[in-house]
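Reviewing the structure listed below.
The values are calculated or read from the model by the stated rules, or taken from the named source; none is laboratory data. Predicted, not measured: the structure shown is a model, and the values here were computed from it. We place every Cβ from the backbone using ideal geometry, glycine too, and count neighbours over all the protein chains shown. Note: areas computed on protein heavy atoms with side chains; ligands, DNA, RNA excluded. Shrake-Rupley method; radii C 1.70, N 1.55, O 1.52, S 1.80 Å.
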Amino acid sequence: MKIAVLSRNPRLYSTRRLVEAAEQRGHEVRVIDFLRCYMDIIAHQPRIFYHGEELTGFNAIIPRIGASVTFYGAAVVRQFEMMGVFSVNESVAITRSRDKLRCLQLLARRGVGLPVTGFAHAPEDIKNLIRHVGSAPVVIKLLEGTQGVGVMLAETAKAAESVMEAFMGLKANIMVQEYIREARGMDIRCLVVGGKVIAAMRRQGREGEFRSNLHRGGSASLIRITPEERAIAARAARIIGLNVCGVDMLRSNHGPLVIEVNSSPGLEGIETASGKDVAGAIVEFIENKARPHRTRTRGKG
Ligand code: ADP
């Protein structure tokens, strides 16, 4: 098969591993910087160009779209979809997963356990909103933050109010969330491929840090997840519509709570901690599923 990895940097661990896994399995693979793709929006004849060359003949793409370039990245994925190329994750699902609130709303509608979460527009509603979420401390999150940036712990209701007021003043979209103290800076990342959890790791924030993100100095190790956690992760992936994703969960006193679904999960931490060939599993998924015009939403929406 001819596979394109849509990635800005061929030297990144995840990109390299995907290329290596595809080549090992006998595929032709190219890394394409999607920000350098440009498109013709012509009726019935969608096309993509890259450094002056028309991109044709691909059977599948693996999008690795960074959060800061979601808009353009999703447009490129959509264009491939309209050309009938199979995308490991559909453009619509990628966009969906990038908005934390939208994701939580979709999961809540289907009864997936989540930390109690509130969202408001008017500063006058902040006090009531915090009361709904519970007592301080509370977690405040920017809707489009990643890698733990924009996730804050407010120790008191007063502190929460002033932080939220400040962000609202800056026109930033934020949500406020129940703080799951018993997680003690630990979360579980489940890597889902084709509807199944194929690897899991536990991430522990460094001393004094409630965020467990590896980019914030957290450490990863192997964990045995429960059948319930496994089922919830697979279900969350299905609800958001992602074939490949990382589902993050906290272990709370009232069961596993999903906090995030990530459409471009890093492979280094999870492959190292779990010893699993995640890149190989993604390529295998393509081998089993890639057919022309398989995109369910056909790039709509
Ligand atoms: P990001 O997308 O920036 O990683 P997350 O929502 O995943 O943002 O939060 C970052 C980290 O903060 C999580 O991995 C988790 O360790 C911690 N965290 C997030 N929400 C809560 C919460 N409600 N209670 C306790 N810890 C939390």
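The figure for Tyr38 is an accessible area of roughly 110 square angstrom, using a 1.4 Å probe on the protein chains alone. The protection proxy used here, the mean number of other Cβ atoms lying within 10 Å of each residue, ranks peptides 14-23, 250-259 as follows, highest first: 14-23, 250-259.
Ordering of 40-46, 105-111 by packing is 105-111, 40-46, highest average first (other Cβ atoms within 10 Å, averaged per residue). In order along the range 207-217, phi translates into HN-Hα couplings of 2, x, 10, 7, 8, 9, 3, 5, 5, 9, x Hz, rounded to whole numbers, per the Karplus curve 6.51 cos²θ - 1.76 cosθ + 1.60 with θ = phi - 60° and x for Gly and Pro.
Have a look at Ser135, Leu242, Ser274 and report the one farthest towards the positive end of the charge dipole of the chain, computed about the Cα centre with Cβ charges (Lys/Arg +1, Asp/Glu -1). So the residue furthest toward the plus end is Leu242. With springs only between Cα atoms under 10 Å, which of Gly275, Gly84, Gly218 fluctuates most in a Gaussian network model of the chain? For the chain, modelled as a Gaussian network with Cα springs under 10 Å, the answer is Gly275. Length available on full extension from Glu209 to Thr156: 0.36 nm per residue minus the Cα-Cα distance, which gives 17.4 nm. Spatially close Lys pairs in the chain, defined by Cα atoms under 25 Å apart and a spacing of eight or more places or different chains, total 20.
Label-to-label distance for Arg30 and Arg110 is 3.5 nm, based on points extended 7 Å past Cα in the beta-carbon direction. A viscosity of 0.692 mPa s and a temperature of 37 °C, combined with the Kirkwood radius over Cα pairs in Stokes-Einstein, give a translational diffusion coefficient for the chain of 163 µm²/s.
Across the chain, the relative contact order, built from alpha-carbon pairs under 8 Å that are at least six residues apart, equals 20 percent.
Please compute the contact order of the range 223-301 in relative form: average sequence separation of alpha-carbon pairs under 8 Å and at least six residues apart, divided by the residue count, as a percent.
18 percent
Separation of the range 262-286 and the range 171-214 by C-alpha centroid, Å? Result: 17 Å between the Cα centres. For the chain, a Gaussian network of Cα nodes joined below 10 Å ranks Lys100, Lys127, Lys171 by mean-square fluctuation, and the top entry is Lys171. The relative contact order of the range 2-91 comes to 30 percent, based on Cα pairs under 8 Å that sit 6 or more residues apart. A simple spin-label model places the labels of Thr272 and Tyr72 3.0 nm from each other, with each point 7 Å out along Cα-to-Cβ. For the range 177-193, the Karplus equation 6.51 cos²θ - 1.76 cosθ + 1.60, evaluated at θ = phi - 60°, returns couplings of 9, 3, 8, 8, 4, 5, 5, 6, x, 10, 9, 10, 9, 9, 9, 9, 10 Hz by residue, with Gly and Pro reported as x.
A dipole drawn for the range 2-91 from +1 and -1 charges on Cβ atoms has a positive end, and of Val88, Pro46, Asn9 the residue lying farthest that way is Asn9. Sequentially through the range 32-39, phi angles give Karplus couplings (6.51, -1.76, 1.60; θ = phi - 60°) of 10, 6, 5, 6, 9, 7, 10, 10 Hz, Gly and Pro residues having no value and appearing as x. Placing +1 on the Cβ of every Lys and Arg and -1 on the Cβ of every Asp and Glu, with no other charges, gives the chain a dipole of roughly 500 debye about its Cα centre.
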